[in-house]
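The structure appears below as structure tokens.
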Amino acid sequence: MSETNSKHRPIGQDEIRNSKSEIRNSLIVFDDVSKFYGEILGVNRVNLQIAPGITSLVGPNGAGKSTLMNLMTGLLRPTRGRITILGIPTDQPEQLFRYLGYCTQFDSFPRGLTGREFINSFLLVHGYEKKKAAELTTIALERVSLMEAADRKVAAYSKGMRQRIRLAQAIAHQPAVMILDEPLNGLDPMVRAETIALFRKLAADGLHLIISSHILHEVDMMSDRVILLNNGYVVAEGDVHGVRDEMQEHPMQILIRCDNPSKLAARVFDKDHVVEARLHDDRMGLFVRTRDADRFYLLLNEVVAEGEINIESIAPVDDDLSAVYQYLIGSEG
Amino acid sequence: MSSSTVNIAPQKTIEKQPLPWSLWWRQIRAIFRLEVEKNFLGRRSILLYLLALVPIVPLVLLAPFTPPGNEWRDFNQYNMIFAIFYGGLILRTVVFFGCAWIFMNLFRGDIIDRSLHFYFLSPVRRQVVVVGKYLAGLVTSVALFGATTIIAMLLVYLPHFYSESTRFFFDGPGLGQLLTYTSVTALACIGYGAFFLVVGLFFRNPIIPALVLYGWEWLNFLMPPLLKKISVIHYLHSLAPVPVSEGPFAVVAEPTPAWIAVPSLIIVTALVLIIASYRIRRMEIRYGSD
């Protein structure tokens, strides 16, 4: 009887509260956050709940990306609102940076140190014992493929190597949240690919990665979700396709390669969700703009089933971050 | 944005725990080591070495010669000569500007180099950063200017009166005076150091408040006794082993006894460091644009 009771007893208010608090403690939470620099707006009324995975901050210069990152790391204090990282308020650096690593755009290398000494001294400042610090230093340097240059002075590093040593600094203490300001800047294509793979792996391990980048196709490739900022406001947030789907005022463009595009055009044009159907210049494809991509794909299924038109490929033309960026912010990233 | 329940959250972060003294001590040591290295080996240290050499160079150049005039042949006169030399050049100029350079750069230098976030992105209480940096500045300044004081004093006596000097230092009051002068130098570093550290935190251009303090300290001899006590130099003068007349226009004030002067300086220093800690706790870093 008591077993049945324990299995089926109603969930108490305390449990609901604990469960909510546990979820909140695994998120990065912005509660109505604003930051003003005197009269100048940094960011305004930001409300976000960021789950683990890769989240990219995208926006033009002055949009508020760095402000948002600096607020998350406590380097700036919000004028209004509250930010917590995994439940820790950002004004408690001694707690916060046990779980957070920040790769800034700026060097912070004490002069005369080698790469290894730099990471090691950073970990000693964290309070690690010498042996543990040395061990974590080696792991961090290996992860950013900098072991060969580890004992060279940081001052002699190339731009790409400096970027990697900053990345090593951010990951050295194995944080649960990483904030990375333009982390791919200056990296050659090979290291870029390795770094993106590292980010994907860290995200798969349940870490939060908040990345700011100007390179939209890379953001598109690696992000689980994006936060689009413009003039200090969050313009859109979510996964790219979700954001794109919600942009009703910009019908989705789809290119269908087939053997008879004219016939296909006639077939789809009378549908109310199809806004435009235009033949491709090579007359081997059809551009369609539709307000409801799902219904359009169902329609294409019917066309294929009828067997009158042979469809080779279907490709959304503007279902990516560049298009979303262009529609919402109005210029190329 | 979708939420997930991957539980990587720190557990019970708000729970009250005993103060982590051993962690703070390790962090202070790490900060101290980095800062001392920076103070002694950084590019800004060249000026410090030159400043520390300012009193030594003329004494080395004069060492082979005895200046003309009978007063230069009287060993006892050298007590007064060194007291004036120490008060005027070493304490008021070399130690003052040396401390200004070292302590103002502890934070202001990092702000200019855009490297303060090396500490601000670590799980370190910002007060711990203040203590680590201050101790590093103190050790640097005391080592440099303490050495300047000792070498200068030896150079004043030894080349001209070797045998008398040996007796003065080993059988007379010389060693005691040497220790007292060095201690006064150390106290000057403690007091001026705290002041300049806080100035470096509050002022974008700390040279102006440094010059204001310099003027205040130099004009101290003209001030009424109450105002004299609002200065560092008054307490340091009170501790000097050989009293020096401040001239015909000086307002005479009773020297503060050592048992008041030393604790007063240390208490004021502690208060100034608390202000610095409060300031740094609320400090923001804003680099570049978005």
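The values are calculated or read from the model by the stated rules, or taken from the named source; none is laboratory data. Computed from a predicted model, the values in this text were never measured in an experiment. Here the Cβ is made from the backbone with ideal geometry for all residues, glycine too, and neighbour counts use every protein chain on show.
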Checklist entry - A:Gln49 is checked against (1) outside any loop (DSSP other than H, G, I, E, B); (2) surrounded by 18 or more Cβ atoms within 10 Å (Cβ to Cβ); (3) at the interface with chain B (Cβ under 10 Å from one of its Cβ atoms); (4) not hydrophobic (A, V, I, L, M, F, W, C) and fails just one. What number does that condition carry? => result (2)
Checklist outcome for this item: For segment A:98-118, pairs from a residue that is under 14 Å from A:Pro183 (Cβ atoms) and more than 7 Å from chain B (Cβ to nearest Cβ) to a residue that is aliphatic (A, V, I, L, M) and in a loop (DSSP other than H, G, I, E, B), with Cβ under 8 Å and 6 or more apart or across chains, are A:Gly101/A:Ala172; A:Gly101/B:Leu121
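Surrounded by 12 or more Cβ atoms within 10 Å (Cβ to Cβ) and either assigned to a loop (DSSP other than H, G, I, E, B) or touching a His at 6+ places or on another chain (Cβ under 9 Å) (or both): does that describe B:Phe65? Before the answer, list the steps.
Details: surrounded by 12 or more Cβ atoms within 10 Å (Cβ to Cβ): no; either assigned to a loop (DSSP other than H, G, I, E, B) or touching a His at 6+ places or on another chain (Cβ under 9 Å) (or both): yes.
The answer is no for B:Phe65.
Among residues belonging to segment A:312-322 that are hydrophobic (A, V, I, L, M, F, W, C) and in contact with a helix residue (DSSP H, G or I) (Cβ under 7 Å, 6 or more places away or on another chain), point out the one that is surrounded by the fewest Cβ atoms within 10 Å (Cβ to Cβ).
Step one: of segment A:312-322, the residues hydrophobic (A, V, I, L, M, F, W, C) are A:314-315, A:317, A:321.
Next, only the ones that are in contact with a helix residue (DSSP H, G or I) (Cβ under 7 Å, 6 or more places away or on another chain) stay: A:314, A:321.
On the way: A:Ile314: 15, A:Leu321: 23.
Looking at the filtered set, the residue picked out is A:Ile314.
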Checklist entry - Going through segment A:275-307 one residue at a time, which ones are within 34 Å of the chain's Cα centre (by Cα), among the aliphatic types (A, V, I, L, M) and outside any strand (DSSP E or B)? => result A:Ala293, A:Leu298, A:Leu299, A:Leu300
Next on the checklist: What pairs come out if I take residues in segment B:57-75 that are among the aliphatic types (A, V, I, L, M) and pair them with residues that are modelled with pLDDT of 80 or more and part of a loop (DSSP other than H, G, I, E, B) whose C-beta lies under 7 Å away, six or more apart or interchain?
Outcome noted: B:Ala63/B:Pro159
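From the list B:Leu175, B:Leu197, B:Leu213, B:Leu155, exactly one residue is crowded, with 22+ Cβ neighbours inside 10 Å and outside any loop (DSSP other than H, G, I, E, B). Which is it? Lay out the reasoning, then the answer.
Numbers: B:Leu175 fails: crowded, with 22+ Cβ neighbours inside 10 Å; B:Leu213 fails: crowded, with 22+ Cβ neighbours inside 10 Å; B:Leu155 fails: crowded, with 22+ Cβ neighbours inside 10 Å.
B:Leu197 is the lone residue from the list that is crowded, with 22+ Cβ neighbours inside 10 Å and outside any loop (DSSP other than H, G, I, E, B).
Taking segment A:53-85, which residues are in a loop (DSSP other than H, G, I, E, B) and either at pLDDT 95 or above or surrounded by fewer than 21 Cβ atoms within 10 Å (Cβ to Cβ) (or both)?
We begin by selecting, within segment A:53-85, every residue in a loop (DSSP other than H, G, I, E, B); these are A:59-64, A:73-79.
Of everything in segment A:53-85, those that are in a loop (DSSP other than H, G, I, E, B) and either at pLDDT 95 or above or surrounded by fewer than 21 Cβ atoms within 10 Å (Cβ to Cβ) (or both) turn out to be A:Pro60, A:Asn61, A:Gly62, A:Arg77, A:Pro78, A:Thr79.
So that you can scan it fast, the table gives a plain yes or no per residue for (1) free of Cβ contacts under 8 Å to residues at least 24 places away in the same chain; (2) within 14 Å of chain B (Cβ to nearest Cβ):
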| site | (1), (2) |
| --- | --- |
| A:His208 | no, yes |
| A:Ser212 | no, yes |
| A:Val219 | no, no |
| A:Ala236 | no, yes |
| A:Asp239 | yes, yes |
| A:Arg244 | no, no |
Checklist outcome for this item: Here the residues within segment A:119-145 that are more than 10 Å from every other protein chain (Cβ to nearest Cβ) and either among the charged types (D, E, K, R) or surrounded by fewer than 22 Cβ atoms within 10 Å (Cβ to Cβ) (or both) are A:Lys131, A:Lys132, A:Ala134, A:Glu135, A:Leu136, A:Thr138, A:Ile139, A:Glu142, A:Arg143, A:Ser145
Checklist outcome for this item: Of the residues in segment A:76-97 that are out of contact with any strand residue (DSSP E or B) (no Cβ under 8 Å at 6 or more places or on another chain) and of a type outside the set (D, E, K, R), the one that is nearest to the other protein chains (Cβ to nearest Cβ) is A:Phe97
Checklist outcome for this item: Residues of segment B:158-172 being surrounded by 18 or more Cβ atoms within 10 Å (Cβ to Cβ) and among the small types (Gly, Ala, Ser), in sequence order, are B:Ser165
Checklist outcome for this item: B:Ala261 meets each of (1) assigned to a helix (DSSP H, G or I); (2) exposed (fewer than 14 other Cβ atoms within 10 Å of the Cβ) with one exception, condition (2)
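Among the residues of segment A:25-36, are any at pLDDT 70 or above, over 22 Å from the mean Cα position of the chain (by Cα) and surrounded by fewer than 17 Cβ atoms within 10 Å (Cβ to Cβ)?
Of all residues in segment A:25-36, those at pLDDT 70 or above come to A:25-36.
Still in the list and also over 22 Å from the mean Cα position of the chain (by Cα): A:36.
Imposing the further condition that a residue be surrounded by fewer than 17 Cβ atoms within 10 Å (Cβ to Cβ) reduces the set to A:36.
Looking through segment A:25-36, at least one residue is at pLDDT 70 or above, over 22 Å from the mean Cα position of the chain (by Cα) and surrounded by fewer than 17 Cβ atoms within 10 Å (Cβ to Cβ).
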Next on the checklist: Can you find, within segment B:38-47, the residue that is surrounded by the fewest Cβ atoms within 10 Å (Cβ to Cβ) among those that are part of a helix (DSSP H, G or I) and more than 7 Å from chain A (Cβ to nearest Cβ)?
Outcome noted: B:Ile46
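Based on this model, can you work out whether A:Arg152 counts as more than 16 Å from A:Leu209 (Cα to Cα) and among the basic types (Lys, Arg)?
Working: more than 16 Å from A:Leu209 (Cα to Cα): yes; among the basic types (Lys, Arg): yes.
Spelling it out, A:Arg152 is indeed more than 16 Å from A:Leu209 (Cα to Cα) and among the basic types (Lys, Arg).
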Checklist entry - Any chance segment B:275-289 includes a residue that's over 16 Å from the mean Cα position of the chain (by Cα), without any contact (Cβ under 8 Å) to a residue 24 or more places away in the chain and more than 14 Å from every other protein chain (Cβ to nearest Cβ)? => result no
Checklist outcome for this item: Counted residues in segment A:60-116 being touching a helix residue (DSSP H, G or I) at 6+ places or on another chain (Cβ under 9 Å) and basic (Lys, Arg) come to 4
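Does segment B:217-227 hold any residues that are out of contact with any Phe, Trp or Tyr (no Cβ under 8 Å at 6 or more places or on another chain) and assigned to a helix (DSSP H, G or I), and which are they?
If we filter segment B:217-227 for residues that are out of contact with any Phe, Trp or Tyr (no Cβ under 8 Å at 6 or more places or on another chain), which is where we start, we get B:218-220, B:223-227.
The answer is B:Trp218, B:Leu219, B:Asn220, B:Pro225, B:Leu226, B:Leu227.
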